[in-house]
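The values are calculated or read from the model by the stated rules, or taken from the named source; none is laboratory data. Note that the structure is predicted; figures quoted are calculated from it, not measured. Glycine gets a Cβ as well: all are built from the backbone with ideal geometry, and neighbour counts include every protein chain shown. All accessible areas refer to the heavy atoms of the entire protein, side chains included, with ligands and DNA or RNA removed. Shrake-Rupley method; radii C 1.70, N 1.55, O 1.52, S 1.80 Å.
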Amino acid sequence: EAIPRKISANIEGLERVKNIVLDLRNFSRLDEAERKFCHLSEGIESALLFLTPLLKEHGVTVETRFSPLPQALCSPGPLNQAISNILINAVQASRTGQSVQVATLQQGEWFCIAITDHGAGIPAEHLSRVFDPFFTTKPVGEGTGLGLSIAHQIVTAHGGRIEIDSSPGTGTTVRILIPRGESSPEFDSVARNDTGSP
């Protein structure tokens, strides 16, 4: 009687391990260093999955709003890293009970990932330095000052840019803009008029 239960438990455990490995592979995309077509929303979901402990630690929730975009031509692993770095900053800037909004949309010839928090914001005098390596406004021991710098390098390597709107006491919106570039095979089946702003 015990054997079927043990086998069932083992199968369930193996299934969990398989899902963890698949999620990790999807996040890191180590076998996909070259550019290929992929859905931006999948990279964001993978990043959020691995940031779950951080979200719980800070008591912050994430709200997503993904537009039906065609696939983007990108290097999935590095781009996931850039998204994660910006999400980590947004979560750490938020207070317990607050939420971070993540949206994808198309703005003309650009794919946009907009990440908005409602934290303390960035003082105007610091905005020009946020991409400088080792620059951080976090307390000692809580930040290396490399997150945005690395994200900036990755996005720039994609031919894109990062825009930041921030007001002290109100919060911050970071927009990752990736050029639409070549059309993915599904492009013609996706509405081209989704050009709203978050």
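For the stretch 1-75, no strands (runs of 3 or more DSSP E) sit wholly inside it while including 2 or more residues that are open to solvent by less than 90 Å² (accessible area, probe 1.4 Å), at pLDDT 90 or above and of a type in the set (K, R).
Can you work out which of the residues in the stretch 50-82 that are among the small types (G, A, S) and touching a strand residue (DSSP E or B) at 6+ places or on another chain (Cβ under 9 Å) is nearest to I150 (Cα to Cα)? Among residues in the stretch 50-82 that are among the small types (G, A, S) and touching a strand residue (DSSP E or B) at 6+ places or on another chain (Cβ under 9 Å), the one nearest to I150 (Cα to Cα) is A82.
When the residues of the stretch 90-110 are filtered to those that are over 22 Å from G43 (Cα atoms) and not small (G, A, S), the one that is least open to solvent (accessible area, probe 1.4 Å) is Q98. Report whether or not V91 is part of a helix (DSSP H, G or I) and touching a residue at least 40 places away in the same chain (Cβ under 8 Å). Yes. Candidates in the stretch 111-137 are the residues that are of a type outside the set (V, I, T) and open to solvent by 70 Å² or more (accessible area, probe 1.4 Å); of these, the one that is nearest to E63 (Cα to Cα) is H118. Selection of first residues in the stretch 160-171 that are under 30 Å from R35 (Cβ atoms) and of second residues that are among the polar types (S, T, N, Q) and open to solvent by less than 60 Å² (accessible area, probe 1.4 Å), restricted to Cβ pairs under 6 Å at least 6 apart or on distinct chains, gives the following pairs, ordered by first then second residue: D165/T173. Among the residues in the stretch 79-89, are any at pLDDT 90 or above, open to solvent by less than 80 Å² (accessible area, probe 1.4 Å) and of a type in the set (G, A, S)? Checked the stretch 79-89: at least one residue is at pLDDT 90 or above, open to solvent by less than 80 Å² (accessible area, probe 1.4 Å) and of a type in the set (G, A, S).
Take the stretch 86-129 and flag every residue that is out of contact with any Ser or Thr (no Cβ under 9 Å at 6 or more places or on another chain) and either closer than 15 Å to I154 by Cβ or not polar (S, T, N, Q) (or both). Hits for the stretch 86-129 are I86, L87, I88, V91, R95, E109, W110, E125, R129.
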